[in-house]
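Just so you know, all these numbers are worked out from the coordinates, no wet-lab data involved. Bear in mind the structure is a predicted one, so any value in this text is a computation, not a measurement. Note that we place each Cβ from the backbone using ideal geometry, even for glycine, and neighbour counts take in every protein chain shown.
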Amino acid sequence: MDERLKVTINDPGLRRLRDQLYDAKTLQYFYITELPDQEISHATCPRNTFGNQCKYQCHCANGAVCDPVLGTCPGSCGSGFFGPACQYYASTFEPIERNGLELTWLVDNDDKTCNNESTNNITVILDTPHPITWIRVVVNDSIQPDHFQLAFQNKSSGEIHWPCQNPQTAIVDRATMDILCRTPVAIKFLTVSGPGVLSLCSLHISAGRNVALNQTTNLTELYWEWYSKNVVDGRFDAPYDSQYSLCSLTNSSDEEGPWWTLKFFNAVDINQILLYSETDRLAKFSLSIYPTASLKSMRQFHIDPDQQEFYTLVISPKLSWPASRIKVQSASSENPLSLCEIIVLGVFIEYHIIIQSFSTSETVCPQGTFGRECEHECNCADEKPCFVSTGGCPTGCAPGFTGEDCMTGEHECNCADEKPCFVSTGGSPTGCAPGFTGEDCMTGEHECNCADEKPCFVSTGGCPTGCAPGFTDEDCMTGTCPRSTFGNQCKYQCHCANGAVCDPVLGTCPGPCGSGFFGPACQYYATTYEPIERNGLDLTWLVDNDDKTCNNESTDNITVILDPPHPITWIRVVVNDSIQPDNFQLAFQNSSIQEMRWPCQDLQTSRVNGKTMDILCKTPVAIKFLTVSGPGLLSLCSLHISAGRNVALNQATSQSKTFLTWYSENAVDGRIGVPFKSPGSSCSVTAPLHEELPWWMVKFFHNVEINQILFYNIRSSIFRGCCETQDTRIIIRYYLTIGTRRIGRLNTHPDPHDVIRRVPFVKIAWPVSRIEVQGASSGNPLSLCEVIVLGETACSPGTFGRECEHKCNCADEKPCFVSTGGCPTGCAPGFTGEDCMTECDKDKYGSGCAETCSMNCSGSDKSCRHTDGLCVNGCEAGYKEPLCKDRMLMQLMFYIK
């Protein structure tokens, strides 16, 4: 029996069940109706969202995280965006170059490159002509409102320019100004002139912001799970045919063409509409724009082209009334209507503009308010109205306020008894709250604890770059990572011997690494191997995980068998006397001990300390036999072969559908010993699907180089009653930044104690951005208890570390090993240590910290600069700077009378 029953579940805890609950006894599928959105705390906004109910999108440069309350970016806006919270789409344009002028500075998206020509007149061609609303100009000196004039043409550059009518300006900061100038028709040519052009750096023409984002939607009849709200979720990254497609789809209709509608929370002024769909799903449709209820007119557009993915509809001439909703309807009742995204570029409308332009008294964004939801009051001098887009004031900010929106200065009061403070100063009539002092009661706020010492969000203390190593929680104030974790956001695991606790910042262990681990912060998995014993040699000292038991034989040649074979990246050797780089040679065989050995190509070494050395030697194929030879073998104590570190740990994950509470992130939490049936199970399980193959995916924060993958599976009998026929085959795909490559199909083992390995025989020659695991059967779930990806971060030359966060510190400015920071050329003068990051002791300096500071340095500690030996406090009397090692020559002159 296959019944469908609509039920409403009001328990918020069940929302994470997603769309489907599975009942194994009756084989019924129960579908949860969409629950009304609840108020979401700003502190819990998903990444790249902010604001009321987290419904707005961040648009920060380089994918930086914006403030979860205000949407402000820690740096600049992403390409194509500008303005408050980077919400406004910047129209693309091309400057008309004449008389050999170089105008590339105008289109490089950089406010710091400016006009270096002597022209004070520039004309640009808009790629998509549209009505103008407002423009932002940035200069490299002090901005002057009367130094810019605008003129427009809407058809050809030869027609007469017509000027901006009733322009208004608002100073954003010393070098930035907004110009409000509305045109009734679409503009193709914009000319900027005046003395301000001589210092112009950037010209941002507003196409509007996406006023459709997460607004109310509906459609005729839903097909499967392609909801109407998918069209305004701002996401384009899911394929149309995936289970969580971000498109909407209707059923066909018997009477009229199926339709989709959008209703705005506030009436809007529309510039253009962008529609995204599938190439074979949207053609011959109409789009209708409706005014507010008090107005009877409407405007309708009929589109009848061949099928295409992308439509741009420019509203010209502009609507003479505010729009309250949009309807898209198919021209045929036989075909379903499919839409993947609609972007409506425009702004909410101020009340006074509606009165002047639209002749209606309906209250929409009352005069004196602004913002994405008309939620802010203007703070203008003389209580004048502000720009609805930015909050900027033509009359300047009111006393006590400053900034782009004249809101800066309205700090959260820190007054005793939570009383209000003075707007102009922040001072408190009741005194400062406990823990605060100063005229404005702001002194005493916590310091930010952000990675890279970056600033934090004023509203929450949260950090766009993540917490500094050793700190965690929303405000990065908790200074101790949970036991056995360390580093950035406490996301790395300690691997210390005997369960010792590692340093919460660096991950260093108080003693040796735990069995099977070595290297920086004990993060690298040591490949297991067996030495080939010959001629009665006792080689147990090589596999006892003890750097203090060493070779007591007279052999200078040892061969080991790797379990499992894998490509080699780097090796660490430990000896019991002084290490010599040229005392070790490596050779490899990849199938049998009888085949010819081939040597390491481009071998590089880095000294860790007097008895330890790292050897960088990458092989293009999986290695089974490794032979170490040379005179250094006579004093060898340990041989550590790196299998890589777990680059998947706590990375971003997703899966097709979640079964109960077995979330996708469980598979990369580093927990392997938790039983599957326990409440705290650390396995992931997908819900059964009928038509699609279940999948699980991990996306790496940085691209990685992969050596091997380990899967910990669960026993199929755990699903008894629902899926005894669970197909344990899986398909693995590796993804580049662009493009895909399928690696192969594996038959996994159902025993939960078995580890399923996938080792590419030929090393993957390109950095990987994500891995997808797909089940081979659509009717069965995909279960993973842990996925360990052994490899290394693909850092750019000159950087190293788990997140490429460190710069190499090598002699001659050469690159270092990405795994350790070690330098083949030795550390730069003044530095030492495994990663060349430790400064010399205060009485040492120079290459290898081998030089001693002069005893003639001034000061009680006789300290000198660690790089070159310069005495920090100068020299004692009679000695020459900077090293204070040579006496000054004294010239005595005698005068005979």
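Taking a ≥ b ≥ c as the square roots of the eigenvalues of the Cα gyration tensor, segment 471-589 is classed as prolate, since a/c reaches at least 1.5 and a/b is larger than b/c. According to the calculation over all Cα-Cα pairs in segment 784-897, the P(r) per 5 Å bin from zero is 2, 12, 15, 13, 11, 10, 9, 8, 5, 4, 3, 2, 2, 1, 1, 0, 0, 0, 0, 0, 0 %. The convex hull drawn around the Cα atoms of segment 162-207, when projected onto a plane and averaged over every direction, covers 3.9 nm².
Equivalent ellipsoid of segment 521-578: semi-axes from √(5λ) of the C-alpha gyration tensor, largest first, are 20, 16, 10 Å. Under 16 Å of direct C-alpha separation, and excluding same-chain neighbours fewer than eight residues apart, Lys284 reaches these lysines: Lys327. In straight-distance terms, cross-link reach from Lys699 covers every one of the lysines whose alpha-carbon lies under 22 Å from its own, apart from those fewer than eight places away in the same chain; here that gives Lys491, Lys657, Lys763.
Size descriptors for segment 607-676, from the alpha-carbon set: Rg then Dmax equal 20.0, 60 Å.
Potential lengthening of the chain between Asp173 and Ala652 amounts to 168.6 nm, from the contour at 0.36 nm per residue minus the alpha-carbon distance. From largest to smallest, the equivalent ellipsoid semi-axes obtained for segment 546-680 from the alpha-carbon gyration tensor read 38, 18, 14 Å. Thinking of segment 127-248 as a set of Cα atoms, what percent of all their pairs are more than 21 Å apart? Pairs farther apart than 21 Å: 55 percent. A Förster radius of 30 Å, combined with the Cβ-Cβ distance separating Val107 from Leu313, puts the computed FRET efficiency at roughly 0.75. Along each principal axis, taking the top coordinate minus the bottom one, the Cα set of segment 127-190 gives 35, 23, 19 Å in descending order. The phi-based Karplus calculation (6.51 cos²θ - 1.76 cosθ + 1.60; θ = phi - 60°) puts the 3J(HN,Hα) values of segment 369-384 at 10, 7, x, 4, 10, 6, 8, 10, 9, 5, 10, 9, 4, 6, 6, 7 Hz, whole numbers, x for Gly and Pro.
Report, please, the projected area of segment 757-842 averaged over directions, based on the convex hull of its C-alpha atoms, in nm².
Working: hull surface 34.4 nm².
Result: a mean projected hull area of 8.6 nm².
Available extension along the chain between Thr508 and Leu70 is 153.8 nm, counting 0.36 nm per residue and deducting the alpha carbon span. Under 5 Å between amide hydrogens, built in the peptide plane, is the criterion, and for Ser202 it picks out Val138 among residues at least 5 positions away or on other chains.
Which FRET efficiency, nearest 0.05, do Ala877 and Asp841 yield, Cβ-Cβ r, R0 22 Å? Don't jump to the answer; show the numbers that get you there.
Working: r = 26 Å, r/R0 = 1.18.
Here the calculated transfer efficiency is 0.25.
Using a cut-off of under 15 Å, list every residue of segment 182-203 whose amide N is near the label point 7 Å from the Cα of Ser156 along the Cα-to-beta-carbon line. Under 15 Å, as judged by backbone N against the label point of Ser156, lie 188-189 of segment 182-203. Legend: calculated FRET efficiency, Lys548 to Arg483, from the Cβ-Cβ distance at R0 = 41 Å, rounded to 0.05, equals 0.90.
For the pair Asn116 and Lys814, the difference between a 0.36 nm per residue extended length and the Cα-Cα distance amounts to 247.6 nm. Label separation (Asn535 vs Trp224): 6.9 nm, computed from points 7 Å beyond Cα along the C-beta direction.
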